[in-house]
């Protein structure tokens, strides 16, 4: 099983504080609020698709209506001050003395956690200086939302967001906890050096105030500080909602087969060449081919000719290609590369010089020019890799397009998991699903529609 991402690990460490799902990267309330529809990408960043709490949302791409605009319940506020993953985090991060104590005189033992080793338990904490507002949808919204997803499944999967929804799932946000400013810290058990700069002095910061400057100073101690702008309308530090997984009812998906001319599955063979004295003089490559009568026979395609001096010392090699007419009949042999071995004063081979026929060479009169084979091979390999990358991208896009066309012909099975919601909030069918695209966390409820 792969290691969790930083956002996943942070949420797991903080889960004992309540049902809410904590965000390692706080998100703008203006984008992430009850009624927002979208997905969290692999970096934990929220991408909004539409907003069911706003009539005539500008992001609407032709969705069928939900029936009524979702309404908010009366918001509540509370002072969190600091929440953490447990007593180890409280001690390591200096939270036991309160926020002002943490800022003014962090404990010396914090130094020990400056570089958390892989395999140790992680620690995490969140600090807020102002009230945290909890905003949620009114009761009864769950059924409206699930019906909306059913009606708009095909539209969503055929939209520009279809691939992301397939990869990350479709989230509908039910409740959020937001605040104007906050600071977050985590010592990861899986990612090294996530708390660089943790070592602190006892008197290097001022008193806690109400401004963002106080939390900003925590950055020297390995914290990440965040402050909302007026347009952000606050920073969401935790949320609850439902994630939907959509898949076609057909049991199998077959990637498209691209029609290409198939290369002949010909077999090749190597033939060793000898002179009249049964001395090695080179090699020939042969393959199976059909003659003009359609009969299969072995024919040579290339050869490597060894070059010796009068004492049979190997001096190099000449490479030849067999030249054929359109009917496969042999015309002759053309050289395409020559290798001249380089020797030191003791006669030991130290290198190779490469040559190729000049442009003006003919079969009867061949002139050679030296060239940098290694450099040209590197350029050729780079070109080949780029062509391969482009071909792979094209193939992937063709498969995605074919999948979209395939899914347009079918209905979808919709599965969901809920996170950070009370039992009386859910409003979904709660038939247990044994298997989902991404296994839900231990504190999530799974349901199928």
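Suppose we keep only residues that are part of a loop (DSSP other than H, G, I, E, B) and at pLDDT below 90 within segment 262-276. Which one would you say is surrounded by the most Cβ atoms within 10 Å (Cβ to Cβ)? Walk me through how you get there before you give the answer.
Within segment 262-276, the subset part of a loop (DSSP other than H, G, I, E, B) is 262-267, 275-276.
Checking the rest, the ones that are also at pLDDT below 90 come to 262-267.
Numbers: 262: 6, 263: 6, 264: 10, 265: 6, 266: 13, 267: 9.
Checked segment 262-276; the qualifying residue surrounded by the most Cβ atoms within 10 Å (Cβ to Cβ) is 266.
Residues of segment 335-353 being within 23 Å of residue 286 (Cβ to Cβ) and exposed (fewer than 15 other Cβ atoms within 10 Å of the Cβ), which ones? Explain how you work it out, then say what you get.
First pass over segment 335-353, keeping only residues within 23 Å of residue 286 (Cβ to Cβ): 335-339.
The answer is 336, and nothing else.
Run down 347, 360, 351 and say which single residue is outside the structural domain of residue 166 (by the TED database), in contact with a strand residue (DSSP E or B) (Cβ under 9 Å, 6 or more places away or on another chain) and farther than 30 Å from residue 161 by Cβ. Step through it out loud before you land on a result.
Working: 347 fails: in contact with a strand residue (DSSP E or B) (Cβ under 9 Å, 6 or more places away or on another chain); 360 fails: in contact with a strand residue (DSSP E or B) (Cβ under 9 Å, 6 or more places away or on another chain).
Matching residue, one of 347, 360, 351: 351.
Residues of segment 166-179 being over 14 Å from residue 239 (Cβ atoms) and crowded, with 21+ Cβ neighbours inside 10 Å, which ones?
170
For segment 150-162, how many residues are touching a helix residue (DSSP H, G or I) at 6+ places or on another chain (Cβ under 8 Å) and closer than 17 Å to residue 415 by Cα?
Here the count works out to 4.
Go over the candidates 119, 199, 142 one by one and state the one that is assigned to a loop (DSSP other than H, G, I, E, B), in contact with a helix residue (DSSP H, G or I) (Cβ under 9 Å, 6 or more places away or on another chain) and at pLDDT below 85. Don't jump to the end; show me each part of the working.
Working: 119 fails: in contact with a helix residue (DSSP H, G or I) (Cβ under 9 Å, 6 or more places away or on another chain); 142 fails: assigned to a loop (DSSP other than H, G, I, E, B).
None of the other options fit; the residue is 199.
Which of (1) over 17 Å from residue 304 (Cβ atoms); (2) over 38 Å from the mean Cα position of the chain (by Cα) is the odd one out, the single condition residue 376 does not satisfy?
(2)
Taking the condition modelled with pLDDT under 85, within 24 Å of the chain's Cα centre (by Cα) and either at positive phi or part of a loop (DSSP other than H, G, I, E, B) (or both), does residue 55 pass?
Working: modelled with pLDDT under 85: yes; within 24 Å of the chain's Cα centre (by Cα): no; either at positive phi or part of a loop (DSSP other than H, G, I, E, B) (or both): yes.
For residue 55, the condition - modelled with pLDDT under 85, within 24 Å of the chain's Cα centre (by Cα) and either at positive phi or part of a loop (DSSP other than H, G, I, E, B) (or both) - is not met.
With respect to residue 312, determine if the residue is outside any strand (DSSP E or B), at pLDDT 90 or above and over 30 Å from residue 163 (Cβ atoms). I'd like the intermediate steps shown before the answer.
On the way: outside any strand (DSSP E or B): yes; at pLDDT 90 or above: yes; over 30 Å from residue 163 (Cβ atoms): yes.
Against the criterion (outside any strand (DSSP E or B), at pLDDT 90 or above and over 30 Å from residue 163 (Cβ atoms)), residue 312 qualifies.
For segment 354-372, which positions are surrounded by 15 or more Cβ atoms within 10 Å (Cβ to Cβ) and modelled with pLDDT of 90 or more?
354, 355, 356, 357, 368
Please find, among 77, 88, the residue that is in a helix (DSSP H, G or I) and either modelled with pLDDT under 80 or on the phi < 0 side of the Ramachandran plot (or both). Before you say what the answer is, go through the steps one by one.
Details: 77 fails: in a helix (DSSP H, G or I).
Just one listed residue meets the conditions, 88.
Just give me the residues in segment 1-46 being part of a loop (DSSP other than H, G, I, E, B), at pLDDT 90 or above and closer than 19 Å to residue 227 by Cα, in sequence order.
29, 30, 31, 32, 33, 45
The values are calculated or read from the model by the stated rules, or taken from the named source; none is laboratory data. What you see is a predicted model; the values in this text were computed from it and never measured. Glycine gets a Cβ as well: all are built from the backbone with ideal geometry, and neighbour counts include every protein chain shown.
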